Amino acid sequence: MKSSKTGMVDALTEHLLLGNPVTILDSVVLFGVPNLTAPIANLRKKGFVIHTRRVPYVKAISRVNGYANVVPPKNLPVKEILLTEYWVNK
């Protein structure tokens, strides 16, 4: 039987393999995986091409808010903070 930790990483990996983008914010809030680099590294080892781009924090928040309620502090410059977004082409 898989541990819940392994199941969360598997869910994150499956999400990526479906071509969906993921940031560290998505990883933590939606999948409970605080270390996004490990699943990304494992996919690269398996031969998958992982694409990256920098996106504003506000874009990541709006995507996460489709599933959860994340409200950043009012004084946080959400348009200026950039997160790295990862995805796998199908």
(request) Report, ordered by the first and then the second residue, all pairs with beta carbons closer than 7 Å, sequence separation of six or more or different chains, a first member in the stretch 26-37 that is modelled with pLDDT of 95 or more and part of a helix (DSSP H, G or I), and a second member that is among the charged types (D, E, K, R) and surrounded by 14 or more Cβ atoms within 10 Å (Cβ to Cβ). (result) Asp26/Arg63
(message) Restricting to the stretch 1-36, name every residue that is surrounded by 12 or more Cβ atoms within 10 Å (Cβ to Cβ), within 16 Å of Leu83 (Cα to Cα) and not aliphatic (A, V, I, L, M).
(response) Asn20, Pro21, Thr23, Asp26, Ser27, Asn35
(request) Go through the stretch 60-90 residue by residue and tally those that are surrounded by 10 or more Cβ atoms within 10 Å (Cβ to Cβ), in contact with a strand residue (DSSP E or B) (Cβ under 8 Å, 6 or more places away or on another chain) and among the charged types (D, E, K, R). (result) 2
(request) Within the stretch 51-82, track down each residue that is hydrophobic (A, V, I, L, M, F, W, C), over 18 Å from His15 (Cα atoms) and not in a loop (DSSP other than H, G, I, E, B). (result) Val55, Val58, Leu82
(request) Enumerate the pairs (first residue in the stretch 71-90 and more than 17 Å from Asn42 (Cα to Cα); second residue anywhere and modelled with pLDDT of 95 or more and exposed (fewer than 14 other Cβ atoms within 10 Å of the Cβ)) with beta-carbon separation below 7 Å, excluding pairs fewer than 6 apart on the same chain, so at least 6 apart or on different chains. (result) Leu82/Arg54; Thr84/Thr52; Thr84/Arg54
(message) Looking at (1) modelled with pLDDT of 95 or more; (2) in contact with a helix residue (DSSP H, G or I) (Cβ under 9 Å, 6 or more places away or on another chain); (3) not acidic (Asp, Glu), which one does His51 not meet, given that it meets all the others?
(response) (2)
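The values are calculated or read from the model by the stated rules, or taken from the named source; none is laboratory data. These figures come from a predicted structure and were not determined experimentally. Note: ideal-geometry Cβ built from the backbone for every residue, glycine included; neighbour counts use all protein chains shown.
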